[in-house]
Amino acid sequence: METNNLLDGKKVLVVDDEPDVLESLEELLSMCEVVKASSYEAARDLIKRDPFDLVILDIMGVSGYDLLALATGKNMTAVMLTAHALTPENIVKSYRQGAAYFLPKEEMVNIASFLEEILEAQQKGKSTWDNWMNRLAGYCERTFGAKWQDPDKDFWDKFPFY
């Protein structure tokens, strides 16, 4: 996925309480119309008022899971992007609560590629999580250890779900 044609002109809401993250994402997604929010309240109001093609949510500091519920309730594609809440449990929780994807902030530099993949999967009627293991299982093993899936073995044995 060398081109960003699927992202061109998409309206993307980016929610994070760290100004540098908001600025970086705006630069990385320059092909999109990026709207930034640095608080739960601002993001909530934007989600309620405006349609977005994609919503990128931090978990900590902005009540990301509450915003996820609002976004998915309006059929918006939401991606969790986090550093502090980077745990296997939050990956599972994000999936179960309707997130289209879960990304560690360390992978933020590749955000356009991940979002392209999500949009492509949606166009093809596939799960947005189809390629998640291929792209991030190695990262998770390095970060959490070889047995990172063990606490939710039943979940991971059936992952991805269709």
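Does any residue in segment 121-137 that is in contact (Cβ under 8 Å) with a residue 12 or more places away in the chain come within less than 8 Å, Cβ to Cβ, of a residue that is of a type in the set (D, E, K, R) and surrounded by fewer than 17 Cβ atoms within 10 Å (Cβ to Cβ) six or more places away or on a different chain, and which pairs are these? Close Cβ pairs satisfying both conditions: Leu136/Glu107. Note on segment 11-38: among residues that are buried (at least 19 other Cβ atoms within 10 Å of the Cβ) and of a type in the set (Val, Ile, Thr), the one that is nearest to Glu106 (Cα to Cα) is Val21.
Ala121 falls short of the stated requirement of being touching a Lys or Arg at 6+ places or on another chain (Cβ under 7 Å) and aliphatic (A, V, I, L, M).
Out of Met60, Met1, I need the residue that is at pLDDT below 95, within 28 Å of Gly138 (Cβ to Cβ) and either part of a strand (DSSP E or B) or in contact with a strand residue (DSSP E or B) (Cβ under 8 Å, 6 or more places away or on another chain) (or both). Which one? Before the answer, list the steps.
On the way: Met1 fails: either part of a strand (DSSP E or B) or in contact with a strand residue (DSSP E or B) (Cβ under 8 Å, 6 or more places away or on another chain) (or both).
When all the criteria are applied, what remains is Met60.
Screening segment 120-152 for residues that are of a type in the set (Gly, Ala, Ser) and not in a helix (DSSP H, G or I) and picking the one that is surrounded by the most Cβ atoms within 10 Å (Cβ to Cβ) gives Ser127.
Figure legend. Inter-residue proximity from segment 25-41: first residues closer than 13 Å to Leu6 by Cα, second residues among the hydrophobic types (A, V, I, L, M, F, W, C) and loosely packed, with under 15 Cβ neighbours inside 10 Å, beta-carbon distance below 7 Å, spacing 6+ or different chains. No pairs are indicated.
One line per residue, one yes/no per condition, for (1) buried (at least 16 other Cβ atoms within 10 Å of the Cβ); (2) among the aromatic types (Phe, Trp, Tyr); (3) under 12 Å from the mean Cα position of the chain (by Cα):
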{"position": "Ser63", "(1), (2), (3)": "yes, no, no"}
{"position": "Leu68", "(1), (2), (3)": "yes, no, yes"}
{"position": "Asn75", "(1), (2), (3)": "no, no, no"}
{"position": "His84", "(1), (2), (3)": "no, no, no"}
{"position": "Glu89", "(1), (2), (3)": "no, no, no"}
{"position": "Lys93", "(1), (2), (3)": "yes, no, no"}
{"position": "Val109", "(1), (2), (3)": "no, no, no"}
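Scan segment 47-59 for residues that are under 18 Å from Ile111 (Cβ atoms) and among the aliphatic types (A, V, I, L, M) and jot them down. First the steps, then the outcome.
As a first pass, look at segment 47-59 and keep what is under 18 Å from Ile111 (Cβ atoms): 52-59.
Answer for segment 47-59, where residues must be under 18 Å from Ile111 (Cβ atoms) and among the aliphatic types (A, V, I, L, M): Leu54, Val55, Ile56, Leu57, Ile59.
The values are calculated or read from the model by the stated rules, or taken from the named source; none is laboratory data. Predicted model only: the values in this text are computed from it and were never measured. All Cβ positions, glycine included, derive from the backbone under ideal geometry; neighbour counts span all protein chains shown.
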